[in-house]
Amino acid sequence: MSHPALEATLNSSLLRSRSCQTFARSIRSFASTPTYSNIPPESPRYIEVPQTVQEDYQPKPRVKGTLPVPRELFPRRRPDKPSRFYREDATPEPKFRSEDLREDLPHAEAIAWRKRMASVRRKNLREGLVELYRRKQRTDRAIAQRSEYKAAERDHLITQAEREDERLTNSTVIQEMMLVRGAEIPDPNREQRLATKRANAEAQEARKLEERKDALQTLYLNARNFITNEQQLQAEIDRVFPETNNPAWRSENRPGDNIWNIGLPPSIGDMLKEVDQGDLSLSQGSAKHADLAQKRIRKIADVLGFKS
């Protein structure tokens with residue numbers, strides 16, 4: 001059996017709790033930043049990062065890839081492309097036959113559709129060539145007008161007179177010493193300098209010509225010893241690598257039966273070292289230069305067959 005006082009107390013407490021919840025929900029937060037309670041963990045805004053007051057600069061998106069260079073539709077070597085004869089040659093009219101125009105054929109509808117499509121393509125190509133050529137002419141005219149305007153503006157800026165305020169506020173300079181806009185700087189020695197440079201260039205060309213002639217003469221003289229056939233090659237091999245003893249290969253302890261008796265051939269490093277030592281000797285003094293010249297003379301004498 002329920003008590004009336006107890007029921008009244010319970011009802012008043014339930015009403016009070018509901019009214020408190022409703023009042024709490026109706027209270028508006030003072031913060032202007034929205035809450036992140038409903039953002040899932042996979043969202044990039046799940047972790048709250050402080051934002052700047054001013055908006056960040058958004059760079060332009062990077063477009064991947066490059067566009068191909070457009071083809072020149074009207075090149076200089078084909079001035080006939082904008083003409084009517086070129087369009088007629090590029091889009092010739094079809095040659096109909098009487099059997100193709102019959103309506104009782106099984107594929108008459110498809111043939112008629114193909115003819116209509118071909119006619120549309122011919123029309124589009126002709127009109128496209130005309131319109132593209134007009135667009136090219138408009139573009140060329142715009143580019144020419146812009147170039148003329150820039151050239152005229154440049155000439156005007158170069159040749160215009162100095163402003164009065166600039167002239168009055170400039171530092172004190174003799175009028176004859178000041179540069180004039182658009183005028184060339186005087187050069188009294190120009191002709192003499194050009195004549196000297198011209199003479200130097202002619203002398204250099206003459207020196208190169210003499211070097212070429214000397215090289216050609218040297219090549220002509222050395223061509224007498226060139227190997228041009230197999231017989232000369234075999235004779236040279238027999239002379240350099242004889243089957244019997246070679247006096248050039250003879251050493252103090254061994255006969256001339258092997259080229260290795262005279263030692264190892266000079267390597268690239270040894271030859272470069274000799275060249276460096278020769279250049280160093282030339283720079284240090286004339287004594288080592290004389291030794292190098294003597295060594296070369298002995299080598300020439302050995303080649304020519306003279307005994308030192």
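The values are calculated or read from the model by the stated rules, or taken from the named source; none is laboratory data. Everything quoted here is computed from the prediction, not taken from an experiment. Virtual Cβ from ideal backbone geometry, glycine too; neighbours counted across all protein chains shown.
A few points about this structure:
- Filtered by the rule that a residue be under 23 Å from Lys299 (Cβ atoms) and charged (D, E, K, R), segment 227-253 gives Glu236, Arg239, Arg250, Glu252.
- For segment 217-233, a tally of residues being under 45 Å from the mean Cα position of the chain (by Cα) and surrounded by 10 or more Cβ atoms within 10 Å (Cβ to Cβ) returns 3.
- Restricting attention to segment 63-108, the residues that are at pLDDT below 85 and of a type in the set (D, E, K, R) add up to 7.
- Asp56 meets each of the listed conditions (1) of a type in the set (D, E, K, R); (2) under 30 Å from Thr139 (Cβ atoms); (3) free of Cβ contacts under 8 Å to residues at least 12 places away in the same chain apart from (2).
- Here Asp56, Asp80 are screened, and the one residue that is part of a loop (DSSP other than H, G, I, E, B), within 21 Å of Gly128 (Cβ to Cβ) and acidic (Asp, Glu) is Asp80.
- Pairs, first closer than 27 Å to Asn225 by Cα and surrounded by 11 or more Cβ atoms within 10 Å (Cβ to Cβ) in segment 282-308, second modelled with pLDDT of 75 or more and among the charged types (D, E, K, R), C-beta under 7 Å, six or more apart: none
- Exclusive hit being at negative phi, surrounded by 12 or more Cβ atoms within 10 Å (Cβ to Cβ) and not in a helix (DSSP H, G or I), set Leu129, Leu67, Leu105, Leu125: Leu105
- Remark: Ala206 matches the filter, which requires a residue to be under 48 Å from the mean Cα position of the chain (by Cα), surrounded by 10 or more Cβ atoms within 10 Å (Cβ to Cβ) and over 30 Å from Asn261 (Cβ atoms).
- Residue in segment 259-267 that is assigned to a helix (DSSP H, G or I), under 45 Å from the mean Cα position of the chain (by Cα) and free of Cβ contacts under 8 Å to residues at least 40 places away in the same chain present: no
- Residue match in segment 211-223 (condition: of a type in the set (Lys, Arg), out of contact with any Phe, Trp or Tyr (no Cβ under 8 Å at 6 or more places or on another chain), in a helix (DSSP H, G or I) and closer than 20 Å to Asp302 by Cα): no
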